[in-house]
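I have placed the structure first, in the form of structure tokens, so that the comments after it can refer back to it.
The values are calculated or read from the model by the stated rules, or taken from the named source; none is laboratory data. Keep in mind it's a predicted model, so treat the numbers as computed, not measured. Note that we place each Cβ from the backbone using ideal geometry, even for glycine, and neighbour counts take in every protein chain shown.
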Amino acid sequence: MIKSMTGYGRAREQRGGRDITVEVRSVNNRYLDCTVKMPRAYIFAEDAVKSRVQKAVSRGKVDVFISVDSLGAEETVVSVNEPLAKAYISAFTRLRELGAGQGVREDFSVTDLARIPDVLTVTKAEEDLESISADLCAVLEDALAAYNTMRATEGQKLAEDILGRADTIETITARVEERSPQTVAEYREKLLAKMQEVLQSTTIDEGRILTEAAIFADKVAVDEETVRLHSHLSQLRDMLRGDAPVGRKLDFLIQEINRECNTIGSKCSDLAIARDVVDLKAEVEKIREQVQNIE
């Protein structure tokens, strides 16, 4: 199933003591252009995020937004500076002994010790960067799943519209194929009438008329162009029914279809065929616009 290049997906999950939210959105672009916006503290995971996006998307301007909120104190560690604490305990003990000799009585507590600068230190826990990166990518996968579902839905609508227009082109092409031989017969009749009018009593060379009609028929023949049109439309249908990204191939194929329509228009001077060619080119242009949205 083909996918649109336009889509949006969002996922939110709590992992590893963090509340992680990922949003993915994209618009049309000739190539894949992925931009990741995330907190500076987690920038180490940017390459992993881009790698996951590249596996899921082949074309488009993709923006990934990641926000991370800590849920608790799991990221902090309180440690005791034991050498410093022992030194203070030893000093307090000595002061107590000296104070007791002078009639001074004063005790100290753990709370008093904890208030002393640098006895207790608070630091961030050592983070497992690979684990954090895996958590971010896991939430990203959920967002990409929603994003691709939306793109597939939109792609199905695009495919239905293009296939309908391809059927219209087939119908118009069939009219051109039916009308083209008639233009040769009409040209032969007009040529004969004109020669009769000009020559009047003179005998008309039937062979010359047949030669002129044959030259005209060769000049306005569009059989090759209509055959190629049918072939191109058949390829278009096959591409739209496949699962691989085909946006670039479709873009090239539409150029070829448009070229055949232009050739038919340049060969035919018949008013009815000229109108059909206008209709053909209008449908091709509408398909071209839709193809610009396909991955």
Inset, instruction - Would you be able to say whether some residue in region 126-149 is surrounded by 15 or more Cβ atoms within 10 Å (Cβ to Cβ) and at pLDDT below 90? - result: no
Legend entry - Of residues in region 29-70 being in a loop (DSSP other than H, G, I, E, B) and of a type in the set (A, V, I, L, M, F, W, C), the one nearest to Arg151 (Cα to Cα): Val57
Inset, instruction - Would you check which residues across region 1-26 are surrounded by 14 or more Cβ atoms within 10 Å (Cβ to Cβ), of a type in the set (A, V, I, L, M, F, W, C) and under 15 Å from the mean Cα position of the chain (by Cα) and list them? - result: Ile2, Met5, Val24
Inset, instruction - Output the number of residues of region 230-283 satisfying the condition of being outside any helix (DSSP H, G or I) and among the hydrophobic types (A, V, I, L, M, F, W, C). - result: 3
Legend entry - Set Ala73, Ala85: member being in a loop (DSSP other than H, G, I, E, B) and at pLDDT below 95: Ala73
Legend entry - Within region 240-273, tally of residues that are of a type outside the set (Lys, Arg) and free of Cβ contacts under 8 Å to residues at least 24 places away in the same chain: 8
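Can you go through Ile273, Ile294, Ile254 and tell me which one is surrounded by 15 or more Cβ atoms within 10 Å (Cβ to Cβ) and either at pLDDT below 85 or more than 19 Å from Asp161 (Cα to Cα) (or both)? Can you show your working first?
Working: Ile294 fails: either at pLDDT below 85 or more than 19 Å from Asp161 (Cα to Cα) (or both); Ile254 fails: either at pLDDT below 85 or more than 19 Å from Asp161 (Cα to Cα) (or both).
The match here is Ile273.
With Lys50, Lys86 as the choices, which residue is charged (D, E, K, R) and surrounded by 15 or more Cβ atoms within 10 Å (Cβ to Cβ)?
On the way: Lys86 fails: surrounded by 15 or more Cβ atoms within 10 Å (Cβ to Cβ).
Just a single option satisfies the conditions, and that option is Lys50.
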Legend entry - Index of the failed condition, Leu192 passing every other in (1) surrounded by 13 or more Cβ atoms within 10 Å (Cβ to Cβ); (2) at pLDDT 80 or above; (3) in a helix (DSSP H, G or I): (2)
Inset, instruction - Scan region 138-149 and report the pairs whose first residue is over 11 Å from Glu23 (Cα atoms) and whose second residue is among the aromatic types (Phe, Trp, Tyr) and not in a helix (DSSP H, G or I), with Cβ atoms within less than 8 Å and a gap of 6+ or a chain change. - result: none
Inset, instruction - Determine whether region 99-117 contains at least one residue that is part of a loop (DSSP other than H, G, I, E, B), modelled with pLDDT under 85, loosely packed, with under 12 Cβ neighbours inside 10 Å and in contact with a Lys or Arg (Cβ under 8 Å, 6 or more places away or on another chain). - result: yes
